[in-house]
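> Have a look at the structure that comes next, please.
The values are calculated or read from the model by the stated rules, or taken from the named source; none is laboratory data. Everything quoted here is computed from the prediction, not taken from an experiment. Cβ placement follows ideal geometry from the backbone for every residue including glycine, while neighbour counts extend to all protein chains displayed. Accessible surface is based on the protein model in full, side chains and every heavy atom, while ligands, DNA and RNA are left aside. Shrake-Rupley method; radii C 1.70, N 1.55, O 1.52, S 1.80 Å.
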Amino acid sequence: MKMNKWTVGLAAAGLVSLASVAQAQDANSVQTKLGSTSLSGYVSTTYHWNIGDADDAITDYAVGGDKSDRFALDVVSLTLARPTTDGDWGAGYNVQMWLGPDASEILNDDDNGEIAIKNAFLTLNAPFGSGVDVTLGRFDTIMGMESMDYNLNPHYGHSWGYAIEPTIHEGLKASYQLTDNIGFTALLANTIDATSNTNEGEGDRKTYGFAFNMVAPDSFGYFSGSTFDFAYINGVDNNQPIQNYYMAFSVPTSIDKLSAGLALDYRKDGGGEGQTDSVVGLYLEYAAT
């Protein structure tokens with residue numbers, strides 16, 4: 001610890017203690033080391049109005065009967081993150097906590113707690129080709145038009161398509177940008193659902209999948225900026241094989257800031273002649289700001 005002569009003089013006169021000087025210098029050191037770490041979050045609070053008798057409402061689509069016709073605190077989300085550092089083998093991390101009633105959506109079915117870890121993962125830039133972005137830990141699924149995060153989801157109540165998709169995985173994913181407009185992601189995880197630290201009793205049976213995305217370049221004229229996504233995930237739930245297929249398109253419209261999207265979801269539970277679910281979703285999204 002270094003002190004200039006004025007600090008020493010003040011300490012000798014009893015006007016400042018050496019301990020307080022040391023604490024201040026230590027605090028400055030910590031702030032410098034954590035300068036690239038950010039704390040962010042959001043609060044989701046809503047009012048739900050279900051037309052007609054709440055008992056007769058389609059509660060699954062209306063965000064559940066427990067929120068019918070009342071104000072609700074959905075969730076408080078807090079994220080502590082450090083972006084991946086530059087250069088070969090650059091590393092970072094991301095931790096997102098959900099606090100509030102909707103944290104139970106992430107927990108096990110028999111756990112109604114109000115604190116949950118939504119994301120907790122390490123990131124790594126592996127120097128292969130133009131760079132492979134590696135994520136290890138607990139992270140959001142690689143498919144879907146909608147997000148579990150309310151502030152990112154174009155449809156607050158979530159669609160039927162969202163209801164048959166995976167949400168969170170614990171495992172490893174690697175993303176590679178083939179060109180400026182084409183990307184590819186591979187996934188290897190424990191399970192197809194958000195259950196933490198489990199492998200459904202089958203240690204050698206993992207969930208795997210991939211996602212492909214493309215953004216139309218400027219040479220596409222009117223359709224430049226349009227997106228195409230395809231994803232496939234094969235996993236297991238309750239010792240039954242699960243397969244999810246997803247395909248989506250998004251295109252601009254002639255109205256400024258208005259875009260249109262089409263999402264196709266298909267899910268097959270069990271092998272052979274197992275149960276299947278399919279959903280077609282149409283989206284119109286306007287960027288107000």
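> Let me confirm something: among ASN125, ASN119, which residue is more than 30 Å from ALA287 (Cβ to Cβ) and crowded, with 17+ Cβ neighbours inside 10 Å?
On the way: ASN119 fails: more than 30 Å from ALA287 (Cβ to Cβ).
The match here is ASN125.
Here's the yes/no breakdown for (1) open to solvent by less than 50 Å² (accessible area, probe 1.4 Å); (2) touching a helix residue (DSSP H, G or I) at 6+ places or on another chain (Cβ under 9 Å); (3) closer than 28 Å to LEU172 by Cα; (4) modelled with pLDDT of 85 or more:
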{"site": "GLY221", "(1), (2), (3), (4)": "yes, no, no, no"}
{"site": "THR227", "(1), (2), (3), (4)": "yes, no, yes, yes"}
{"site": "THR253", "(1), (2), (3), (4)": "yes, no, no, yes"}
{"site": "LEU262", "(1), (2), (3), (4)": "no, no, no, yes"}
{"site": "GLU285", "(1), (2), (3), (4)": "no, no, no, yes"}
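> Residue check: is ASP102 among the acidic types (Asp, Glu), on the phi < 0 side of the Ramachandran plot, surrounded by 11 or more Cβ atoms within 10 Å (Cβ to Cβ) and at pLDDT 85 or above? Break it down into steps so the answer makes sense when it comes.
Numbers: among the acidic types (Asp, Glu): yes; on the phi < 0 side of the Ramachandran plot: yes; surrounded by 11 or more Cβ atoms within 10 Å (Cβ to Cβ): yes; at pLDDT 85 or above: yes.
So ASP102 fits the description; yes.
> Specify the residue that is farthest from the chain's Cα centre (by Cα); the eligible residues are those in region 236-286 that are among the polar types (S, T, N, Q) and in a loop (DSSP other than H, G, I, E, B). Don't jump to the end; show me each part of the working.
Going through region 236-286, the residues among the polar types (S, T, N, Q) turn out to be 238-240, 243-244, 250, 253-254, 259, 275-276, 278.
Add one more test, that the residue is in a loop (DSSP other than H, G, I, E, B), and what stays is 238-239, 253-254.
Details: ASN238: 24, ASN239: 26, THR253: 27, SER254: 31 Å.
That would be SER254.
> Determine, yes or no, whether GLU114 is within 14 Å of the chain's Cα centre (by Cα) and of a type in the set (D, E, K, R).
Numbers: within 14 Å of the chain's Cα centre (by Cα): no; of a type in the set (D, E, K, R): yes.
Spelling it out, it is not the case that GLU114 is within 14 Å of the chain's Cα centre (by Cα) and of a type in the set (D, E, K, R).
> Starting from residues that are modelled with pLDDT of 95 or more, more than 14 Å from LEU187 (Cα to Cα) and of a type in the set (A, V, I, L, M, F, W, C), keep the ones in region 229-248 and report whichever is most open to solvent (accessible area, probe 1.4 Å).
Here the residue is MET247.
> Another one. From (1) among the charged types (D, E, K, R); (2) within 30 Å of SER254 (Cβ to Cβ); (3) buried (at least 20 other Cβ atoms within 10 Å of the Cβ), pick out the condition that doesn't hold for ASP180.
It fails just one condition, (3).
> I need every pair where a residue in region 253-282 that is touching a residue at least 60 places away in the same chain (Cβ under 8 Å) has its Cβ under 6 Å from the Cβ of a residue that is basic (Lys, Arg), sequence separation at least 6 or different chains.
ASP277/ARG267
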